[in-house]
1. For region 197-223, which positions are within 19 Å of Asn25 (Cα to Cα) and open to solvent by less than 40 Å² (accessible area, probe 1.4 Å)?
2. Would you check which residues across region 287-318 are open to solvent by less than 20 Å² (accessible area, probe 1.4 Å) and out of contact with any helix residue (DSSP H, G or I) (no Cβ under 8 Å at 6 or more places or on another chain) and list them?
3. Just to be sure I understand, how many residues within region 176-196 are assigned to a helix (DSSP H, G or I), surrounded by 21 or more Cβ atoms within 10 Å (Cβ to Cβ) and in contact with a helix residue (DSSP H, G or I) (Cβ under 6 Å, 6 or more places away or on another chain)?
4. Somewhere in region 202-212, is a residue modelled with pLDDT of 90 or more and more than 21 Å from the chain's Cα centre (by Cα)?
5. Take Met345 and decide whether it is in contact with a helix residue (DSSP H, G or I) (Cβ under 7 Å, 6 or more places away or on another chain) and either small (Gly, Ala, Ser) or open to solvent by 20 Å² or more (accessible area, probe 1.4 Å) (or both).
6. Of the conditions (1) in contact (Cβ under 8 Å) with a residue 40 or more places away in the chain; (2) open to solvent by 10 Å² or more (accessible area, probe 1.4 Å); (3) not acidic (Asp, Glu), Leu131 clears all except one; give me its number.
7. Is at least one residue of region 267-286 open to solvent by less than 40 Å² (accessible area, probe 1.4 Å), modelled with pLDDT under 85, within 26 Å of Ser21 (Cβ to Cβ) and in contact with a Pro (Cβ under 7 Å, 6 or more places away or on another chain)?
Amino acid sequence: MNKTLSPKQEIAYAAGMIGWSTMTNIIIVMLPYFYLPPSNAGLPPLVPQLVLLGAFNILSIIAASGRLVDAIYDPFIASKSDASINKNGRRMPFMKWAIVPAMLFCGLVFYPIQKTESLHNAWWLTITLCLFFISVTTYIIPYNALLAEVTNTPKQKVKLSSYQQVGFVIGIILSACTNNFADLVEAHFHVANRSEAIQTAIWGLCALSGLMMLLPIFFINEKEFSVAKPTHVPLWPAIKSTFKNSNFKYYLISDFAFYTALSIISSGLLFFCTVLLGLPESEGGKFMGAMVMASLLFYPLVNFGSAKIGKKPFVLLAFGVLCLIFVTIFFLGKLPFGPYTQIYMLVLSASFPLAALGILPTAILADIAQKDTLKTGENHEGMFFAVKYLFVKLGQTLGIAIFAMLTVYGKDPGNDYGLRLNGVVGFGLCLIALLVFSRFKEEK
């Protein structure tokens, strides 16, 4: 049996997710708010609100184009990682070289060429987004493939997935607090321009992310833990083989719908706070922090409960709760409670789904990949995680695109119907996820 990670190494592994999650969620949370802000944000719009085919605005098209480049690159890097014969391992060498470019291009996304509304900014955003997605993919695909290789039992997978999810939600908190950090920059560094304060805060978060992403490389010697052999299945046959697994298809569709819905919430959080509830933008980070802290209380329940009755019931319950949350978003600001009561009802209700859908899907996929390896004799865990994260990122991008697209129908105080429509779309997505995952066959 393989050697397993020590507690210190498990924490170091999870730290890598903090870095990836922080930078990815900065894009999700801040991109619409920075480039197409609401009228009460104190920021200038930076790209034209052009509408194509009556629905698609320029920001939604830019976000989608960046992911299309990433979609081509995802299976390529997975195939290269799975087939690597590098003496230092199949995964770590790729991760090491991805960190600095990811930091650089994440920061540059928020440095438009012109400080006013311009098509030049749209082209700049398209290029920097593409380069950021490629860089961060080079890290996350090998990183996630390691999970299946450094764990030996389902219990270990759930445990490491739990640590990994803590890292993911810490990244969500840090990204959601970007405006809070910008407040500190304004106060302590006497930066009067709001855009410059946000840019400085983002550079600081990128530097922190890079340090977090280095920790697995420093503390884990891949060759000591993984005995996986390089796979010899060519790229496209390897991709096709993952889709022959019916359980994987059910998993993939529901996971895609979930991440699309989650991206809608993340993209809209600052808008929901400032426009629908009339609260300060800096409150968004506090609400996200409260949601994550509450979700941690559910981690023991999810861990022990899934071991007793299986992972599937918890996943289905989480999707059901999310359906109700999106119904609430449609009525936000119109409920018979104060604005703070409404938002805390929302974020605290979301804490259980965040815990369950954070921990369990990664562990479920590691099980799927490991069983496939035993069945076929080929170690292409990287390809399973590549396809998953391709769909995660497509879901995240679709979420940003849907949110940006719906702003056409109203994103300002007194004209907010577009924001409310996100509740309808999110409800539909979570209902699809629930129905599809109900067909997943879990082995007892």
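The values are calculated or read from the model by the stated rules, or taken from the named source; none is laboratory data. Because the structure is predicted, anything quoted here is derived from the model rather than measured. Here Cβ is always computed from backbone atoms with ideal geometry, including for glycine, and neighbour counts include all displayed protein chains. SASA here: full protein model, heavy atoms, side chains in, ligands and nucleic acids out. Shrake-Rupley method; radii C 1.70, N 1.55, O 1.52, S 1.80 Å.
1. Step one: filter region 197-223 for residues within 19 Å of Asn25 (Cα to Cα), giving 197-214.
Result: Ala197, Ile198, Gln199, Ala201, Ile202, Leu205, Cys206, Ser209, Gly210, Met213.
2. The answer is Gly310, and nothing else.
3. First, the residues of region 176-196 that are assigned to a helix (DSSP H, G or I): 176, 178-188, 194-196.
Retained after the next criterion (residues that are surrounded by 21 or more Cβ atoms within 10 Å (Cβ to Cβ)): 176, 178-179, 182.
Now narrow it down to the ones that are in contact with a helix residue (DSSP H, G or I) (Cβ under 6 Å, 6 or more places away or on another chain): 176, 178, 182.
Qualifying residue count for the region: 3.
4. Step one: of region 202-212, the residues modelled with pLDDT of 90 or more are 202-212.
Subsequent filtering for residues that are more than 21 Å from the chain's Cα centre (by Cα) retains none.
No, there is no match, as no residue in region 202-212 is modelled with pLDDT of 90 or more and more than 21 Å from the chain's Cα centre (by Cα).
5. Values: in contact with a helix residue (DSSP H, G or I) (Cβ under 7 Å, 6 or more places away or on another chain): no; either small (Gly, Ala, Ser) or open to solvent by 20 Å² or more (accessible area, probe 1.4 Å) (or both): yes.
Against the criterion (in contact with a helix residue (DSSP H, G or I) (Cβ under 7 Å, 6 or more places away or on another chain) and either small (Gly, Ala, Ser) or open to solvent by 20 Å² or more (accessible area, probe 1.4 Å) (or both)), Met345 does not qualify.
6. Answer for Leu131: the failing condition is (1).
7. yes
One line per residue, one yes/no per condition, for (1) at pLDDT below 90; (2) open to solvent by less than 10 Å² (accessible area, probe 1.4 Å):
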site: Leu394; (1), (2): yes, no
site: Ile402; (1), (2): yes, no
site: Gly410; (1), (2): yes, yes
site: Tyr417; (1), (2): no, no
site: Gly423; (1), (2): no, yes
site: Phe437; (1), (2): no, yes
